[in-house]
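A single structure is presented below for examination.
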Amino acid sequence: MKKTLALLSIALLPLASSAAVPGDNSSMPHASVPVDSGVKTRIGGFVGERIDVCMDGRVLTQDCEEIVDPFRHKEDTKSWQTEFVGKWLLGAIDLYEYSGDPALLAKISHAAEELVKTQMEDGYIGNYTPEARLTNWDIWGRKYTALSLLKYYDLCGDRRFLDAASKSVDCLIGELDRRDVDITMTGNYFGMASCSVLEPVVWLYRETGSRKYLDFALAIAEGIEQEGSSRLISKALEDVPVSRRSDFPSKWWSFENGMKAYEMMSCYEGLVELGSVTGNQVYLQAAQKTAASIIRDEINIAGSGAAFECWYMGKERQTIPTYHMMETCVTFTWMQFCARLLDKTHDAAYAGQFEKTMYNALMASLKGDGSQISKYSPLEGHRFAGEEQCGLHINCCNANGPRGFGLIPKVATTVDADSVFVNLYLPSETSFNLGGIPVSMNMSTNYPVDGYAALTISPKKPSVFTLALRIPSFASDSFSVSVNGEPVACTCEDSCSGKGYLRISRKWKAGDVVEVSMRIDTRLETLNGMQAVVRGPIVFARDSRFSDGYVDESAVIQADAQGIIDARPVEATGSFCWLDLQVPMVVGANLEDPADSAVRLIHFCDFASAGNDWDKTGRYRVWIPKTLHVMSEPYHKY
C-alpha cells in the first residue's frame with residue numbers, strides 16, 4: 001500500500017482533481033449526491049414476465065446458508081467462493097426494490113445478518129485463511145461483500161451495515177499498508193480484479209465523506225497506470241482496442257492476461273464513479289473510449305461478447321462457431337457499464353446498447369422456468385447449465401445474472417433534476433417525484449413487435465418539466481410524437497434530439513397523452529458470407545423445434561435492395577417462443593427441382609426463446625450460411 005500511495009505524487013496523467021474535496025467526516029458537496037426522485041417502475045409484457053420468472057425461479061430458490069457458510073470457516077486459499085453471496089444480495093435487493101416481495105426481503109435480511117456475523121475483530125469479512133489474504137480472488141470477493149452491505153444499508157438504513165462495510169475496507173487498507181503490498185499487483189489480469197474494489201471505496205467516500213477513502217481510491221487509479229499494471233486510463237485515451245491491451249498470455253487464467261472482459265469493465269465502473277466525486281473528466285473519458293472500443297470491436301449481434309471470458313475482436317469473428325462464447329457475467333457487466341455511462345452522460349446510444357443486450361443475450365441466458373442461468377449463450381447450438389463452482393451448488397453466472405434482470409426497471413425510466421428520460425419502451429407503470437410533485441406515467445405499447453407507444457402522464461398538480469423520449473437509432477428517420485393529438489414539431493436536430501432524445505418541455509397536467517410512432521423494419525444483416533435476421537433490437541434464430549428443415553442448411557434470405565425483409569413477427573401464444581417470424585428464403589443449393597428453388601417461408605423465433613428448453617437434442621442458429629450464386633455475385637472477390 002505504501003508503494004501505491006506514493007504514486008499519488010507521480011504525474012503519470014492529470015488524474016488528481018483540482019476540485020475541492022471534503023476533509024475527514026465532512027459532508028459531500030450537494031452536487032455529487034444523486035437526485036432522489038423515488039422512481040418506481042412495474043413492467044408488463046414479455047420482459048416483465050421474465051423478470052418475475054428470474055426472481056421466483058432463481059433468486060428466491062437460492063440456498064443462502066450454503067454461500068454464507070464459507071465465511072464462517074475461512075479455509076479458502078485460491079477460489080472465488082467469496083463472490084457468491086455478495087452478487088446474490090446485489091441482485092436480490094434490486095429485485096426486492098422492484099417487486100416489494102416480503103419473502104424476498106426476509107431472505108435478503110437473513111443473508112445480510114448472517115454475513116455480518118462472520119466479520120472478524122480486525123474488520124475482515126471473507127473466506128480466505130490469514131496467510132492467503134490479498135492473494136488470488138480475496139480482494140475481488142471483499143469488493144462484492146462491501147458493495148452488498150452498502151446496498152443493504154441503502155435499503156434498510158441500519159447503520160450497522162455501513163459500519164461493517166467501512167471496517168471491511170479499513171481492514172483492506174491496513175493490510176496492504178502493513179504488508180507493503182501494491183494492490184495493482186495482486187490477483188489476476190494485471191490486477192484488474194483487485195482494483196475493481198475502487199467502486200465500493202468511492203461509495204464509502206460518498207456516504208461518509210472520510211478523506212481516507214478518497215485517498216485510497218486515487219491511489220488505486222494512479223497505481224493502475226504504473227508499468228506492469230493494466231494502465232486502463234492511458235491505454236483507453238490512446239484508443240488501444242480492449243483485446244490488445246496486453247500481449248497474448250502464455251497462461252490464460254493468470255496475471256498476464258489483460259483481456260479479461262468482466263474485470264476490465266468493473267474497474268471502469270469504479271473509475272466513472274471516482275470521476276463523479278472528484279470532477280475529473282479524464283476517468284469518464286477513459287471509460288467512454290473503452291465503451292466505444294467494445295461496441296466497435298467486440299459486441300456481437302446479440303449484444304454481448306467475449307470468448308473464454310476475454311475480448312478477442314469478436315464482432316468480426318462472431319460468425320465463427322466459438323468455444324465459451326458470451327459469458328453471462330460479461331453480458332450483465334456490459335449492461336451495467338452502459339447504464340452507468342447513460343446515467344453520467346444522458347447519451348441515448350448507451351440505452352440502445354442496453355436494450356439490445358437485454359432483449360437478446362440476457363433474456364437468452366434464462367432457462368424457460370427460471371431455474372438456471374446459462375454460463376454461456378452461443379449464437380448457435382443449444383443452451384445448457386454451467387458447472388457448479390468452488391465446491392458449491394452455484395456458479396458465477398447464476399449469482400450474477402439476476403442483477404441484469406433487476407437492472408432493467410432502473411434503466412427503463414430515469415429522472416434528474418428537471419427531466420424524465422424514457423430509455424426503454426415497455427408496457428409499464430412508473431411513479432416518480434419532480435420538485436416534490438408526485439407524477440405517474442403509464443405506458444401502453446407492443447414495441448418492438450410494432451412501433452407504437454402511448455404514455456399517459458399525470459402529475460399531482462400541473463408541473464413544468466422536460467420529457468425526453470429516446471429515438472432508437474434504427475428509427476431515426478421515422479420517429480414522430482404527438483401530445484394530446486397535436487404533433488410535436490422537430491425542425492432542429494440539436495434542440496429536439498440532442499444525444500438521441502426528443503425533448504418536450506412544457507407544463508404537464510393530469511391525463512396528458514403522448515403518442516410515439518416509429519417504423520420498425522425486419523432487416524437482413526450480412527457478415528463473412530453469413531446472414532442474420534433482425535427486427536428493431538430483436539435478433540431472430542432458426543430453431544429445430546419448428547420442424548421446417550435443417551437449421552444449418554445454406555439459404556438465400558429474400559430482401560429488397562435496402563436489406564428490408566417482408567416479414568412481421570407475431571406473438572406466439574401457447575408456443576415455445578415469444579415471437580414467431582416467417583422469413584422468405586430459398587433453402588439449400590439445388591436449383592434444378594422447382595420445388596427446391598421456390599421461395600419458402602421458414603420459421604424463426606426471437607433469440608431469447610431459441611433453445612430455451614435446454615434440450616441437447618435440439619438446435620438453433622442465428623447466422624445462416626448464404627448459398628453462393630456465381631452468376632449474380634462477383635465471386636472472385638471471395
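The values are calculated or read from the model by the stated rules, or taken from the named source; none is laboratory data. Remember, it's a predicted structure, so these values are computed and weren't measured experimentally. Cβ atoms come from the backbone with ideal geometry, glycine included; neighbour counts cover every protein chain shown. Each accessible area value is taken on the protein alone, full model and side chains, heavy atoms only, with ligands, DNA and RNA left out. Shrake-Rupley method; radii C 1.70, N 1.55, O 1.52, S 1.80 Å.
Could you please put THR627, THR573 in sequence from largest to smallest accessible area, using a 1.4 Å probe?
These residues rank, largest area first, as THR573, THR627.
Another question about this same structure. Kirkwood Rh, Cα Rg: Rg to Rh for segment 466-622?
1.10
For segment 335-358 and segment 130-163, what is the separation of their C-alpha centers, rounded to whole Å?
What the calculation gives is 26 Å, centre to centre.
At a 1.4 Å probe, what is the % contribution of carbon and sulfur to the accessible area of segment 258-375?
Carbon and sulfur atoms account for 53 percent of the accessible area of segment 258-375.
Taking only C-alpha pairs under 8 Å that are 6+ residues apart, what is the relative contact order of segment 64-218 in percent?
Taking the mean separation of contacting Cα pairs over the length of segment 64-218, I get 24 percent.
Among the trypsin sites (Lys or Arg not before Pro) within segment 292-398, which fall in a DSSP loop and have no more than 15 other Cβ atoms within 10 Å of their own Cβ?
none
How would you classify segment 271-426 from its alpha-carbon gyration tensor, with a ≥ b ≥ c the square roots of the eigenvalues: rounded for a/c under 1.5, else prolate if a/b is greater than b/c, otherwise oblate?
It is prolate, given that a/c is not under 1.5 and a/b is the larger ratio.
I would also like to ask the following. What number, in percent, do you get for the relative contact order of segment 206-329 if the mean sequence gap of Cα pairs under 8 Å and at least 6 apart is divided by its residue count?
Once normalised by length, the contact order is 22 percent.
Angle check, please: helix 138-156 long axis (alpha carbons) against the longest principal axis of the chain (alpha carbons), in degrees 0 to 90, nearest 10.
So the inclination is approximately 80 degrees.
Return the Cα extents of segment 365-492 along principal axes one, two and three, sorted largest first, each rounded to a whole Å.
Projected onto its principal axes, the Cα set of segment 365-492 covers 59, 36, 26 Å.
Let's test this: bin the Cα-Cα distances of segment 559-616 at 5 Å from zero up to the farthest pair and state each bin's percent.
4, 17, 18, 18, 18, 14, 9, 2
For the chain, what does -39500 (n - 2.57) per DSSP helix run (n ≥ 4), summed and divided by total residues, give at 222 nm, in deg cm²/dmol to the nearest 500?
After summing the helix terms and dividing by the residues of the chain, the value is -10500 deg cm²/dmol.
Once phi is turned into ³J(HN,Hα) by the Karplus curve 6.51 cos²θ - 1.76 cosθ + 1.60 with θ = phi - 60°, what whole-Hz value does each residue of segment 57-73 show in order, with x for glycine and proline?
x, 10, 6, 6, 8, 5, 7, 6, 4, 5, 8, 7, 3, x, 5, 7, 9
A follow-up question, please. Using the alpha-carbon atoms, what tilt in degrees (0 to 90, nearest 10) does helix 348-357 show relative to the longest principal axis of the chain?
70
Which cross-chain or sequence-distant (5 or more) residues have an amide H under 5 Å from the amide H of VAL420, H modelled 1.01 Å from N in plane?
THR466, LEU467, ALA468
Could you work out Rg/(2.2 N^0.38 Å) for segment 257-344, with Rg from alpha carbons only?
Ratio of Rg to 2.2 N^0.38 Å for segment 257-344: 1.09.
At a temperature of 25 °C and a viscosity of 0.890 mPa s, determine how fast segment 73-130 diffuses translationally according to Stokes-Einstein, using the Kirkwood radius over alpha-carbon pairs as Rh; express D in µm²/s, rounded to the nearest whole number.
194
Sort 169-176, 264-271, 99-106 for me by packing, meaning the mean count of neighbouring Cβ atoms within 10 Å per residue, highest on top.
The packing order, highest mean first, is 264-271, 169-176, 99-106.
Considering the Cα trace of segment 150-212, what is its radius of gyration and what is Dmax, both in angstroms?
13.0, 37
Out of all Cα-Cα pairs in the chain, roughly what percent, to the nearest whole number, are more than 37 Å apart?
Summing the P(r) tail past 37 Å for the chain gives 37 percent.
Toward the positive end of the charge dipole of the chain, about the Cα centre and with charges on Cβ (Lys, Arg +1; Asp, Glu -1), which of VAL116, SER632, ILE564 goes farthest?
Of the options given, the answer is VAL116.
What ³J(HN,Hα) values, in whole Hz, does the Karplus curve 6.51 cos²θ - 1.76 cosθ + 1.60 give for segment 448-461 when θ = phi - 60°, with x put for Gly and Pro?
3J(HN,Hα) across segment 448-461, in whole Hz: x, 4, 9, x, 10, 9, 10, 10, 9, 10, 9, x, 4, 9.
Right, another one. Compute the acute angle (0 to 90°) between the alpha-carbon long axis of helix 281-297 and the principal axis of greatest extent of the alpha-carbon atoms of the chain; round to the nearest 10°.
30
Still on this structure: First check a/c for segment 531-638, with a ≥ b ≥ c the square roots of the eigenvalues of its C-alpha gyration tensor; if it is under 1.5, answer rounded, and if not, answer prolate when a/b is larger than b/c or oblate otherwise.
Judged from the Cα gyration tensor, segment 531-638 comes out prolate (a/c at least 1.5, a/b above b/c).
Would you mind classifying segment 518-574 by shape? Square roots of the alpha carbon gyration tensor eigenvalues, ordered a ≥ b ≥ c; an a/c under 1.5 is rounded, otherwise it is prolate if a/b is larger than b/c and oblate if not.
oblate
Report the relative contact order of the chain, percent, no decimals, based on alpha-carbon pairs under 8 angstrom and at least 6 residues apart.
Contact order relative to length: 13 percent.
For the pair GLU387 and ASP154, how long in nm is the line joining their label points, each one 7 Å along Cα→Cβ?
Rounded to a tenth, the inter-label distance reads 3.4 nm.
Non-local amide H neighbours of ILE602 (under 5 Å, H modeled in plane, Pro and chain starts lacking H): which ones?
For ILE602, the qualifying residues are VAL583, MET585.
Another question, if that's okay. What whole-number value in cubic angstrom gives the convex hull volume per residue for the C-alpha atoms of segment 343-407?
Considering the Cα atoms of segment 343-407, their hull volume per residue is 104 Å³.
Order ASP69, ASP343 by their accessible area, 1.4 angstrom probe, all chains in place, largest first.
Largest accessible area first, the list is ASP343, ASP69.
Same structure again: Could you work out how far the C-alpha centroid of segment 493-558 sits from that of segment 429-447, in angstrom?
Here the two parts' Cα centres lie 25 Å apart.
Tell me the label-point distance for the pair SER473, ILE437, using the 7 Å Cα-to-Cβ offset, in nm and rounded to one decimal.
Label-label distance for SER473 and ILE437, simple model: 3.6 nm.
Using unit Cβ charges (K, R positive; D, E negative) and no other charged atoms, how large, in debye to the nearest 20, is the dipole of the chain about its Cα centre?
Here the size comes out at about 900 debye.
Mean shadow of segment 74-169, computed from the convex hull of its alpha carbons, in nm²?
With the hull built on Cα positions only, its mean projection is 5.6 nm².
Tell me the per residue accessible area of the chain using a 1.4 Å probe; a whole number in Å² is fine.
Counting only protein heavy atoms, the per-residue value for the chain is 38 Å².
Roll a 1.4 angstrom probe over the protein heavy atoms and tell me the percent of accessible area of segment 443-489 that is carbon or sulfur.
That share works out to 50 percent.
Could you look at segment 117-250 and say what percent of its accessible area is carbon and sulfur, using a 1.4 Å probe and all protein chains?
Carbon plus sulfur share of accessible area: 46 percent.
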